[in-house]
1. Pull out a ≥ b ≥ c, the square roots of the eigenvalues of the alpha-carbon gyration tensor of the protein assembly as shown, then state rounded if a/c is under 1.5, prolate if not and a/b is larger than b/c, and oblate in the remaining case.
2. Dipole size in debye (nearest 20) for the protein assembly as shown around its Cα centre, Lys and Arg Cβ +1, Asp and Glu Cβ -1?
3. With label points built 7 Å along Cα→Cβ from the Cα atoms of residue A:222 and residue B:42, find their separation and express it in nm.
4. Spelling out what I want: for every residue of region B:327-338, take phi, set θ = phi - 60°, compute 6.51 cos²θ - 1.76 cosθ + 1.60 (Karplus), and round to whole Hz; glycine and proline get x.
5. Out of region B:230-277, which GluC sites (Glu not before Pro) are coil in DSSP terms and have no more than 12 other C-beta atoms within 10 Å?
6. Say the dipole of region A:138-197 comes from +1 at the beta carbon of Lys and Arg and -1 at that of Asp and Glu; which of A:172, A:148, A:162 then lies farthest toward its positive end?
7. What gaps in nm, shortest first, separate residue B:245 from its twins in the other copies when you place the label 7 Å past Cα toward the beta carbon?
8. Students often forget the sequence filter, so: which lysines lie under 29 Å Cα-Cα from residue A:43 once same-chain residues fewer than 8 apart are removed?
Protein chains: 2
Amino acid sequence: METLPPTTPATINDVAARAGVGVGTVSRVLNGRANVRPVTRAKVLDAIEALKYRPSSLARNLSLRRTHVIGVVVPFFTSHSAVERVRGVASVLARSPYDLMLFDIEAEDRREHAFRLFDRGDRSDGLLLLSLVPPDDEVERLRAARLPCVLVDAPHPEFPSIVIDDVRGGELATSHLIELGHRLIAFVGDKPPDPFRFASSRDRTVGYERALAQAGIEPRPEFVREGTQSHQVARGIAIDLLRLPQRPTAVFAASDAQALGVLEAARILGLRVPEELSVVGFDDVEVAALVGLTTVRQPLFESGRRGAERLLQLVTGEPDQVAQPDVEQLPVEVVIRSTTAAPPR
Amino acid sequence: METLPPTTPATINDVAARAGVGVGTVSRVLNGRANVRPVTRAKVLDAIEALKYRPSSLARNLSLRRTHVIGVVVPFFTSHSAVERVRGVASVLARSPYDLMLFDIEAEDRREHAFRLFDRGDRSDGLLLLSLVPPDDEVERLRAARLPCVLVDAPHPEFPSIVIDDVRGGELATSHLIELGHRLIAFVGDKPPDPFRFASSRDRTVGYERALAQAGIEPRPEFVREGTQSHQVARGIAIDLLRLPQRPTAVFAASDAQALGVLEAARILGLRVPEELSVVGFDDVEVAALVGLTTVRQPLFESGRRGAERLLQLVTGEPDQVAQPDVEQLPVEVVIRSTTAAPPR
DNA sequence: GGGCGTCGTGGAACCGGCTCCATCCGTTGT
DNA sequence: ACAACGGATGGAGCCGGTTCCACGACGCCC
């Protein structure tokens, strides 16, 4: 009896011995190479079956010098938009031989994070950075480690990236309001010094201003406010805005989260939406549909999907083929729901 | 000049050579072992510095036969509750030497999934299964691979698990309605044959029935409906319910998603909430607070946190110390917001 | 029938760490 | 002065795959 439950898993040597062949042959069979006689192949397959042999991916990885892992780095994993992007990534990786390693750098010390991630660049075969711009020293390490890297929702001169046209998004949102007849349009965005976040809110402001300019509307500095992503902060800001002597008839928020804060503010102040106040968000997260929020949709899931596909190309492509820092732009569109209407007169 | 950019990263051998010591000594220094003379240690450290040496985790893992990876398996990664749990897991792993490998089995063929996951059990040092019960054959493989495993939001006789008392949750929700004066209370839950999901909705029904019984309220079969998790389906079900000749004055939904569907139904039918209809959900996902939904809060983040902690104990503990299949129960509580009130009379 | 190419195959070397054992050396004890 | 002892150290061997080279057998051709 040799069918006793083996205390230690079978190795390729065990298989070779049992099949009466060399390890090279077993390896060839395992990897579906040609040049193995059918008879031999059968013997090997039998031995594998008998021994319940499964190759060790650990050993395989060491030998091959790859990990079969894609690292996904995401700040603020809390947010629905981040999750949606990760799902897009997962959908691609699920049909690839790559696993998804998730790094949430939300609370983590950045130094620690960098340390673990780029330690040697051998924990993953490629990196997908979502909504964050790597600082210069990390860029340096990434290159030193020759680690393929793609950015999603963040631009960088060194890496390929999947982005949206934030300026255009801001413009679309604002134009929609202008077309409805609004001229007193406020903007609620992020504060720039957000450590990881980059200039997307800022770009949306630019679009906002451009749309105003095109319509010949004088921008009012007091109508442009900045806070953090949270809807609580946005609510406070919106209350301020709506208490101005000349109050805006519409608010464009740089994210849906902030738009929700604006809606709360309106409720608190007893302003009816959309009759007395129109609100436009940005992102089109799940809640937006539930609440009936008019917003600018950006393809979140799709952005993750494309980022993963692009990275996989890099990872499986020629090793030293330098990744061109090309930028892929995904479309944005206004989704009109029930928080926007013509202004009161 | 030997500072030319090395085309290949330094190895432990390079360090040993440069420091003029043996690899054993370098290894000892790296792992902070005692029995290294300070002078020697300094030499090694210098060499490491000069060579910018970083140990290969690949090689390390093979040698040590561990991966430093915790696998997290989650179905329906879409849902906010799953995400919240994963965040809890991430928060624990971030302060550990373990990385988080995410397996979303949402769309994936189950066979494929199982294959990749348990191939040899060497892709991760431990597995955390969220909201899913492994079928018997997978349990078998798990044991064969001696892979530590903890379940979150799912019970199993073989594994430790972190759960909530769903019966009690259902009871609390229903009691809250009863205390408000409701006697016509409907229930909207999941259909049982959900492939992965287990009996949590069913248990909540039990709690619902128990609360009714305690209050001496006759249960009405036509008030208990089951559909899927989606709020669209729940909306349809709720419309049916609310069109009954004797319509319920309150609805307890087995999840917040379903509760939102019920709220939509009320809006469609022109029923004011909470004046004409009270609604209670389950989970307390983020949207619940936004919408002002009264609901049963379960500690989602905490469940992930505890699951990860428990698993880490197992993984870092004695190797063959069999994990007792103990069950840790997290508390639930009713969060009263603005969708519940006394019934109309 | 001998030379030569091809196919199939075995197995040593290697990937880059860790571990254990043998060795070396200095110290202490008698 | 010498034996015994223990701490520091070097390095072969191992973890479990892959790869590449060498070798044997066979068939083909002239």
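Values in this text are rule-based calculations from the coordinates and carry no lab data. No experiment lies behind these values; they were computed from the predicted model shown. Cβ coordinates were reconstructed from backbone atoms using ideal geometry, including for glycine residues, and neighbour counts include every protein chain displayed.
1. Working: a/c = 2.28, a/b = 1.37, b/c = 1.67.
Oblate.
2. 1260 debye
3. 6.9 nm
4. 10, 9, 10, 9, x, 10, 8, 7, 10, 8, 10, 10
5. Details: sites: B:264, B:275, B:276; in loops: B:275, B:276.
Answer in residue order: B:275.
6. A:148
7. Label-point separations across copies, in nm and ascending: 6.5.
8. A:52
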